[in-house]
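Remarks on the structure that follows.
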Amino acid sequence: MSNRNYKDSVFVDYFDKDEEVGQENFLALYNAIHQTNLKLEDLHFEGKEIDNTIYHDFRNDICKMVNGKLFVLIEHQSTINFNMPLRLLSYVSRLYEAYVPTPKRYYKNPVQIPTPEFYVIYNGTENFPAVSIMRLSDSFIHKKEEKTLEIIVKVFNIIKYKEISGFLDCKPIREYNRFVEIMRAHYDPKNPETFTPAIQIAIKENVMPNYLNRKTTEVSNMLWGEYNYDEDIAAQRQEAFDEGIQQKAIETAKNMFSNNISLNIIAECTGLSTETIEQLAKEIEDSKIYIK
């Protein structure tokens with residue numbers, strides 16, 4: 001997946017990396033999430049970056065140590081991914097590995113570590129609750145009342161920011177949400193320049209005007225990468241879905257073979273091609289000979 005080789009997304013830049021507004025916007029988002037009214041002088045932010053071990057050379061979106069006590073991990077998603085707790089487990093494990101030197105892990109007394117907080121900011125097109133929870137334990141094969149390991153991720157659907165306590169008054173979220181609406185309305189997958197005029201429309205609407213005026217070209221490039229990335233993910237998911245259907249049909253065909261059902265009926269029931277079924281039949285017969 002080579003489409004998203006740029007350093008950051010617009011969300012990450014606007015709410016973290018940008019030298020002029022990143023820190024203030026992160027504080028506004030932090031206040032919205034925690035329903036506080038803290039000022040910059042009240043908090044000390046220390047940025048943390050983690051190599052993304054799951055999706056090629058990607059990194060986590062935003063991670064901050066706050067006042068030396070909290071690891072706040074924020075992921076931005078335009079598609080629903082119920083594996084976020086698993087991904088965030090990977091991220092926070094790497095954070096703790098870097099935070100606690102190896103010798104300290106063998107001390108007798110407990111090592112004090114920052115408390116983690118996990119959030120997903122979602123603004124995709126699927127209908128999703130304004131606020132929801134994802135848990136790592138939901139993926140456990142064997143469900144137990146006592147959870148021996150848990151990651152709890154709070155998901156905010158900022159398309160419905162008016163329904164989320166604290167988010168209605170968060171100007172950066174309101175403006176970013178409108179910005180995404182404008183970009184989606186003008187996106188043309190065949191035109192790499194599709195976002196430049198859309199950015200000008202956002203500026204005229206007074207949506208993120210200072211940021212967009214400073215970074216029109218960079219934002220356009222980041223958006224092009226993001227949208228291509230989303231299309232790649234959608235294609236991958238469809239391929240995985242198709243492969244799953246194909247595999248299920250093959251398993252069904254094998255079961256039907258074992259009941260001596262004719263090839264024509266198997267083809268009709270499974271939708272598999274005659275060539276595929278004949279090849280399966282040959283493989284099954286060969287395996288019987290091999291076993292004998």
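Details
- Test: residue in the stretch 44-60 that is part of a helix (DSSP H, G or I), of a type outside the set (S, T, N, Q), surrounded by fewer than 18 Cβ atoms within 10 Å (Cβ to Cβ) and at pLDDT below 95: no
- Some residue of the stretch 231-252 being surrounded by 13 or more Cβ atoms within 10 Å (Cβ to Cβ) and either modelled with pLDDT of 75 or more or touching a His at 6+ places or on another chain (Cβ under 7 Å) (or both): yes
- When the stretch 18-51 is limited to residues that are among the β-branched types (Val, Ile, Thr) and under 22 Å from ILE164 (Cα atoms), the one that is farthest from the chain's Cα centre (by Cα) turns out to be THR36.
- Within the stretch 107-131, the set of residues being surrounded by 14 or more Cβ atoms within 10 Å (Cβ to Cβ) and either in a strand (DSSP E or B) or touching a residue at least 60 places away in the same chain (Cβ under 8 Å) (or both) comprises PRO116, GLU117, PHE118, TYR119, VAL120, ILE121, TYR122, VAL131.
The values are calculated or read from the model by the stated rules, or taken from the named source; none is laboratory data. Quick caveat: nothing in here was measured; it's all calculated off a predicted structure. Note that we place each Cβ from the backbone using ideal geometry, even for glycine, and neighbour counts take in every protein chain shown.
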